[in-house]
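See structure below.
Taken together, the values in this text are just the output of simple stated rules run on the coordinates, not laboratory data. Remember, predicted model here, so these are calculated numbers, not experimental data. Cβ: placed from backbone, ideal geometry, glycine included. Neighbour counts: every protein chain shown.
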There are 2 protein chains.
Amino acid sequence: MPVKTVAIMSPGEMGHAVGRGLLAGGLSVITCLEGRSDLTRNLAERAGIVDTPALGEMLAEADLVLCIGPPAKAAEMASTVARAMSDSGNAPPYADCNAVSPATARRIGDDIARAGADFIDGGIIGPPPGKGAPPRFYVSGERASLMSELDGKGIRVRPIGDEIGRASGLKMCFASMTKGTLALQTAVFTVAEALGLTGELRDELLEGREALYKQIESGARRLPSVSARYIGEMEEIAATYEAAGVTPKFHQGALDIYRLLASTPLAKETSETIDPNRTLEEAAKVFARHLPMK
Amino acid sequence: MPVKTVAIMSPGEMGHAVGRGLLAGGLSVITCLEGRSDLTRNLAERAGIVDTPALGEMLAEADLVLCIGPPAKAAEMASTVARAMSDSGNAPPYADCNAVSPATARRIGDDIARAGADFIDGGIIGPPPGKGAPPRFYVSGERASLMSELDGKGIRVRPIGDEIGRASGLKMCFASMTKGTLALQTAVFTVAEALGLTGELRDELLEGREALYKQIESGARRLPSVSARYIGEMEEIAATYEAAGVTPKFHQGALDIYRLLASTPLAKETSETIDPNRTLEEAAKVFARHLPMK
């Protein structure tokens, strides 16, 4: 059966942009906004995603369900959908595209399978559609090829095997590098500030590593606004590392840093309200002031 | 009193190259190789550094002592020198240029001060003289300006204040970023290998982040050969972070990774014997095979 209607659970920053791409590609895109935030509601509306009044109706219409939301909510959303599948008797294939560990993906998959639906493991790498190169949807599982019907519709779809957990694992590896490095760089400047050495470290980096300095500065400007969202992802990454037999401490440290950033007033900013002129030194001052152990 | 003769304690990879630069700058450079490794002995000889038969004689001739060695040995070397100072009655100014925490630098400084010598805190950033831009010797302490006499002689000397611990702190911040990032990148590919995803992660990175991939590959090739040396430095960095009130977990994780690398047969390589063709995938296979928790 070809995919004509795609349901997107929790169409936030990434999800609504994916929906817009699928719509432009000729698919019908629906969601169910029951209990969702105003932000999500506005984003879905602006993207032209059709709201259905209840999950049962969404499932009756959908040929495929994509769950694209915060990792900490992934298991809960899946079990809500699984219940609605059992209650309504409509159980279309379900792809979990959240940043979760392979173990969490398997747990979610079991939940969905018990409700009688096929499960696809997914991991998204890259920014939302419309911002440069299209994001890559890595997918795995025996029904992963179903997702290939979405390839080229604002996203790239890449099946990487039959095993549930592979797509999630790849996403974990990638994010562990990018978001782990950003957290480490933030930690470095927080320590420098605590030691009264921010200016000296800045001068040393500006001599020959200016691009790196600018990148750290832009990260420090943006990270507080996303820090709360990254906390759950760091927990999933640490669990992935531990299960693989590799030290989980880097991302336990990253978790500490994102918690620190989330505790500052800067965490209330959004991509629209971030001060584009805030220097790394000013950001580091705020971070150091909120150190819990001080 | 102007500096005419500089003693270098433990003239290894960095120290012997510094000695060569100071010699080229017109200074006399001496050391005491009693109990030093053949490698250090050869390096010192090749650089033209004059060996004195005992520490007491070295101290009698030196106008300034630089200690440039592995961080785990810094305190022990300083107390050996302090004893020789007390015994011989010769106590020239002593600069600890090792990668140690501000707290370790203060402890070493107290030891040296009790022996009657001036103490300078130092931190070296950059590769040894002769490999591109000269290394920066950041120095702090009330007598730090004495080191300025060495500026331009193969090295750059930068006083950054009167307080012992500032120069060490800056070195810790800088190294926490560079060596912490390298360890994190190594961890990422070790996890990818453990999950059977190295090829997929490589392909994702080669698409748009090729320079980063090449940098990680070259790091993974070189790191086992230096891993044993980095272990002590990670301990000093973790202690620096903790004392500053910032999570020490990143560098406890880096410590775990450098221990893992040091446990592989690749750790026996030297800069001369490293296989220049070893791919990141081959290196990751070796690392994953030696995971302690597997």
Item checked: Order of A:Asp96, A:Asp111 under a 10 Å beta carbon neighbour criterion, fewest first -> A:Asp111, A:Asp96
Notebook entry, point to check: What is the distance in Å between the Cα centres of region B:204-245 and region B:59-98?
Noted result: 30
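As a check on your grasp of the helix formula, calculate [θ] at 222 nm for the protein assembly as shown: sum -39500 (n - 2.57) over DSSP H runs of n ≥ 4, divide by the residue count, round to the nearest 500.
Working: 20 runs with 308 residues, N = 588.
Helices in the protein assembly as shown give a 222 nm mean residue ellipticity of -17000 deg cm²/dmol.
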Notebook entry, point to check: D for region A:145-294, whole µm²/s, Stokes-Einstein with Kirkwood Rh over alpha-carbon pairs at 20 °C and 1.002 mPa s: what number?
Noted result: 126
Margin query: Need one number for region A:10-81: average projected area of the convex hull over its C-alpha atoms, nm².
Written below: 4.5
Checklist line | Derived scalar couplings ³J(HN,Hα) [region A:55-60; Karplus, 6.51 cos²θ - 1.76 cosθ + 1.60; whole Hz; x for Gly, Pro] | finding: 4, x, 5, 4, 5, 5
Next item on the list: Could you list which residues have their amide H under 5 Å from that of A:Ala95, counting only those 5 or more apart in sequence or on another chain, with H placed in the peptide plane?
Entry: A:Val65, A:Leu66, A:Cys67, A:Ile120
Check: For helix A:13-24, what angle does its Cα long axis make with the longest principal axis of chain A, in degrees from 0 to 90 and rounded to 10?
Finding: 40
Next item on the list: Could you pull the copy-to-copy label distances for A:Glu57, with points set 7 Å along Cα to Cβ, in nm to one decimal and sorted shortest first?
Entry: 9.6
Check: Which value in Å does the Kirkwood hydrodynamic radius of chain B take, with 1/r averaged over all unlike C-alpha pairs and then inverted?
Finding: 20.1
Next item on the list: For the protein assembly as shown, just list the percent of Cα-Cα distances falling in each 10 Å bin from zero outward, please.
Entry: 3, 16, 23, 21, 15, 9, 6, 4, 1, 0
Note to self: Can you find, among B:Gly89, B:Ala75, B:Met14, the residue sitting farthest towards the positive end of the charge dipole of chain B, where Lys and Arg contribute +1 and Asp and Glu -1 at Cβ?
What the structure shows: B:Met14
Notebook entry, point to check: Using only Cα atoms, what Kirkwood radius does region B:1-45 have, in angstroms?
Noted result: 10.6
Item checked: Residue of A:Ser88, A:Ser227, A:Ser271 that the Gaussian network model of chain A assigns the largest fluctuation, springs spanning Cα pairs under 10 Å -> A:Ser271
Item checked: Neighbour-count order for A:His290, B:His251, B:His16, fewest beta carbons within 10 angstrom listed first -> A:His290, B:His16, B:His251
Item checked: Rounded to 10°, Cα long-axis angle of helix B:280-289 versus longest principal axis of chain B -> 90
Next item on the list: Can you tell me the dipole magnitude for chain B around its Cα centre, using point charges on the Cβ only (Lys, Arg +1; Asp, Glu -1), in Debye to the nearest 20?
Entry: 260
Next item on the list: Along Cα-to-Cβ, 7 Å out, sits the label point; list in nm, shortest first, how far the one on B:Glu281 is from those in the other copies.
Entry: 4.8
Notebook entry, point to check: Whole-Hz Karplus ³J(HN,Hα) for region A:215-222, in order, using 6.51 cos²θ - 1.76 cosθ + 1.60 and θ = phi - 60°, x for Gly and Pro?
Noted result: 5, 5, 4, 5, x, 5, 6, 8
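What's the magnitude of the charge dipole for the protein assembly as shown around its Cα centre, counting Lys and Arg as +1 and Asp and Glu as -1 at the beta-carbon? Answer in Debye, nearest 20.
Dipole size: approximately 320 debye.
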Notebook entry, point to check: Using a Gaussian network model of chain B with C-alpha springs under 10 Å, which one of B:Asn98, B:Asn42, B:Asn277 is most mobile by mean-square fluctuation?
Noted result: B:Asn277
Check: What list of ³J(HN,Hα) couplings, whole Hz, do you get for region A:76-82 from phi and the Karplus terms 6.51, -1.76, 1.60, once you set θ to phi - 60° and write x for glycine and proline?
Finding: 5, 4, 5, 6, 4, 5, 4
Notebook entry, point to check: Looking at the axis that maps chain B onto chain A, which chain B residue has the closest Cβ, and how far off is it in Å, rounded to a whole number?
Noted result: B:Lys249, 2
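Can you sort B:Phe174, A:Phe189 from fewest to most other Cβ atoms within 10 Å of each residue's own Cβ?
B:Phe174, A:Phe189
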Notebook entry, point to check: For region B:211-268, what are the per-bin percents of Cα-Cα distances with bins 10 Å wide, up to the bin holding the maximum?
Noted result: 25, 42, 28, 5
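May I ask for the Rg/Rh ratio of region A:1-138, computed from Cα atoms with Rh as the Kirkwood radius, given to two decimals?
Result for region A:1-138 is an Rg/Rh of 0.93.
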Next item on the list: Please label the shape of region A:163-211 as rounded, prolate or oblate, based on the square roots a ≥ b ≥ c of the eigenvalues of the alpha-carbon gyration tensor (a/c under 1.5 means rounded; beyond that, a/b larger than b/c means prolate, else oblate).
Entry: oblate
Check: Anyone know which of A:Ser37, A:Ser79, A:Ser263 comes out most mobile in the 10 Å Cα GNM of chain A?
Finding: A:Ser37
Note to self: If amide hydrogens are placed 1.01 Å from N in the peptide plane, which non-local residues have theirs closer than 5 Å to the one on B:Arg158?
What the structure shows: B:Phe137, B:Tyr138, B:Val139
Check: Can you list, shortest first in nanometers, how far B:Ser263 lies from the same residue in the other copies, with each label 7 Å from Cα toward Cβ?
Finding: 3.3
